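The values are calculated or read from the model by the stated rules, or taken from the named source; none is laboratory data. Remember, predicted model here, so these are calculated numbers, not experimental data. We place every Cβ from the backbone using ideal geometry, glycine too, and count neighbours over all the protein chains shown. Each accessible area value is taken on the protein alone, full model and side chains, heavy atoms only, with ligands, DNA and RNA left out. Shrake-Rupley method; radii C 1.70, N 1.55, O 1.52, S 1.80 Å.
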Amino acid sequence: MSKNPALFYTVEVGDSTFTILERYQNLRPIGSGAQGIVCAAYDRETDQNVAIKKLSRPFQNVTHAKRAYREFVLMKLVNHKNIIGLLNAFTPQKSLEEFQDVYLVMELMDANLCQVIQMDLDHERMSYLLYQMLCGIKHLHSAGIIHRDLKPSNIVVKSDCTLKILDFGLARTAGTGFMMTPYVVTRYYRAPEVILGMGYKENVDIWSVGCIMAELIRGGVMFPGSDHIDQWNKIIEQLGTPSQDFMKRLQTTVRNYVENRPKYPGYSFEKLFPDVLFPPDSTEHPGLRSTMARDLLSKMLVVDPEKRISVDEALMHPYINVWYDDSEVNGPSPAAYDHTVDEKEHTVEEWKRLIYEEVMEYESRGKQKASMQSHAVPDGANNDTPAMDSVGSENATQNHCR
Ligand code: AMP
């Protein structure tokens, strides 16, 4: 396919150079991650503000490539109001040989959850944010995607209190985990079964939601471990040493380590989350009280996944089900994701071709779908759902908590 170079222009943003379609104007940086810089921009064609993420040489190493490929394919596949949607994708390069960068154009949100953690939220806002996280997670699960790495920097919100999950977490084969970037991977929100290398099921993601809820209430990270070992210590010091039944399910070497830790009784949830930390009880919704919030926390922050609440149970919990809407909870499932591609070992050159082919396929066939999406009525909150006025102010999307 021949590409019209006149459609592209180059602009410097921070330390990065964006070569993007003319339709995208007024770029300003709003965040950065391991993959590169994210900018807000104005789309002249749809008269809409968008976010553009540049994936620089996504095939530079196998870890980057797998992540970029997975993210792109899944973004094309998934369609739910609580998962970030792809509006457009392109590369300015004209051939596989020249191929360097991918630009992903997404819906623009106002802030990531790190900024929301600094705010004092009432129960309405807190429970509405949690409800939307659970709806998004349930949708991912319906496509066979278990996230395992949900964290505040990868969840974005708008001032109308709508929420979207930005990424798709860990691939089933996570590789070596070795990555040559200056970014420190945040592990604070990873479940015990991930830290301890056990098998996992869908409710692995409930642990992360529990950690995020705890942080919204406390204003600080619940389990700020400096590494896997310290992370485990932080968990058992607060929640107590798990049962023998749990220990029995660990691999021998891990079990030896875990069993030889000092025994901790843990604290009650009344001690971990005293009344003073909570906003006043809602006068409108009987479920939106501190006792209910604490009850939900005590069912999510459970070390043993066999005793932890499921996503469906969490959605039915009185603190959450005030917002229950069947079309949001049980929306149509996306086509199941074929994990075999990212489970295979590919060389960097193979990844380059795979990613390039996906972008080409999108550029030729995805455009029609993308323009339909971008002209759709934006999905705002229901009339009676809460808003967050102070989100989206200047610099709100600067990422402080990676
Ligand atoms: P990522 O590279 O996807 O990890 O994103 C890095 C940061 O950029 C996030 O933590 C957000 O602060 C910001 N960001 C990414 N995508 C968007 C978006 N669609 N809308 C608003 N902010 C975003």
Legend entry - Per residue accessible area of the chain, 1.4 Å probe, in Å²: 45
Inset, instruction - Quote the FRET efficiency, to the nearest 0.05, computed for SER282 versus MET360 with a Förster distance R0 of 60 Å and r equal to the Cβ-Cβ distance. - result: 0.70
Legend entry - Sulfur and carbon atoms: percent of accessible area, the chain [1.4 Å]: 51
Legend entry - Under the Karplus curve 6.51 cos²θ - 1.76 cosθ + 1.60, θ = phi - 60°, whole-Hz ³J(HN,Hα) for segment 266-282, x wherever Gly or Pro sits: x, 10, 6, 5, 5, 6, 5, 10, x, 3, 4, 6, 9, x, x, 4, 6
Inset, instruction - Calculate how steeply helix 290-300 sits against the longest principal axis of the alpha-carbon atoms of the chain, using the helix alpha-carbon long axis, and give the answer as 0 to 90 degrees to the nearest 10. - result: 80
Inset, instruction - Based on the mean of other Cβ atoms within 10 Å per residue, sort peptides 184-193, 346-355, 135-144 so the most packed one is first. - result: 135-144, 184-193, 346-355
Legend entry - Per-residue HN-Hα couplings for segment 125-135 [Karplus 6.51, -1.76, 1.60; θ = phi - 60°; Hz; x = Gly/Pro]: 5, 4, 6, 5, 5, 5, 4, 5, 4, 5, 5
Legend entry - Sequence ranges 9-15, 78-84, ranked by mean other-Cβ count within 10 angstrom, highest first: 78-84, 9-15
Legend entry - GNM flexibility winner over the chain from ASN321, ASN49, ASN256 (Cα, springs under 10 Å): ASN256
Legend entry - Under-5 Å amide H pairs with PHE8, H placed in peptide plane, nonlocal only: GLU22
Inset, instruction - Leaving ligands, DNA and RNA out of it, work out the accessible area of LYS94 with a 1.4 Å probe and give it in Å² to the nearest 10. - result: 100
Legend entry - 3J(HN,Hα) from dihedral phi, segment 53-70, Karplus parametrisation 6.51/-1.76/1.60, rounded to Hz, x for glycine, proline: 10, 9, 9, 7, 6, x, 9, 4, 8, 5, 5, 4, 5, 4, 5, 5, 4, 4
Inset, instruction - Pull up the cross-link candidates among the aspartates and glutamates for LYS271, meaning alpha carbon to alpha carbon under 17 Å and not fewer than 8 places away within one chain. - result: GLU215, GLU237, ASP295
Legend entry - Inter-probe distance in nm under a simple model that places probes 7 Å from Cα toward Cβ, at ILE229 and GLU97: 5.2
Legend entry - Heavy-atom accessible area ranking, 1.4 Å probe, most first, across ASP230, ASP304, ASP47, ASP312: ASP47, ASP312, ASP230, ASP304
Legend entry - Accessible surface of CYS114 - all protein chains present, 1.4 Å probe, nearest 10 Å²: 10
Inset, instruction - Stick to Cα atoms and the Kirkwood definition of Rh, then tell me Rg/Rh for the chain. - result: 0.97
Inset, instruction - For each pair in LYS66/LYS344; LYS201/LYS307; LYS164/LYS307, compute the distance between the two Cα atoms and list the pairs where it is over 18 Å. - result: LYS164/LYS307
Inset, instruction - Any chance you could list the semi-axes, whole Å, largest first, of the equivalent ellipsoid that the Cα gyration tensor gives for segment 1-118, using √(5λ)? - result: 22, 18, 15
Legend entry - At 0.890 mPa s and 25 °C, Stokes D of segment 67-183 from Kirkwood alpha-carbon radius, µm² per second: 155
Inset, instruction - Quick one: compute the contact order of the chain, relative version, from alpha carbon pairs under 8 angstrom and 6+ residues apart, as a percent. - result: 24
Inset, instruction - Any chance you could run the full-extension gain for GLU270 through GLU237? It's 0.36 nm times the residue separation minus the Cα-Cα distance, nm to one decimal. - result: 10.3 nm
Legend entry - Linear extension gain, ASP338 paired with VAL11, 0.36 nm per residue minus alpha-carbon span: 114.1 nm
Inset, instruction - Mind listing the long-range amide H neighbours of ASN49? Cut-off is under 5 Å, sequence gap 5 or more, other chains count too, H placed in the peptide plane at 1.01 Å from N. - result: ASP43
Inset, instruction - Calculate the spin-label point distance for ARG28 paired with ASP47, positioning each point 7 Å from the Cα along the beta-carbon direction, and give it in nanometres. - result: 2.2
Inset, instruction - Give me the angle, in degrees from 0 to 90, between the Cα long axis of helix 204-218 and the longest principal axis of the Cα atoms of the chain, rounded to the nearest 10. - result: 80
Legend entry - For segment 149-166 versus segment 330-350, the gap between their alpha-carbon centres in whole angstrom: 23
Legend entry - Descending semi-axes in whole angstrom, ellipsoid equivalent of segment 232-276, from the Cα gyration tensor: 25, 10, 7
Legend entry - Alpha carbon centroid spacing (whole Å) that separates segment 42-92 from segment 263-287: 39
Inset, instruction - Using only the Cα atoms, work out Rg/Rh for segment 168-280, with Rh taken as the Kirkwood radius, to two decimals. - result: 0.98
Inset, instruction - Work out the P(r) tail for segment 95-249: percent of alpha carbon pairs separated by more than 21 Å, whole number. - result: 52
Legend entry - Cα pair distances in segment 71-119, grouped into 5 Å bins until the bin that holds the longest one, percent each: 5, 16, 20, 16, 18, 12, 8, 4, 2, 1
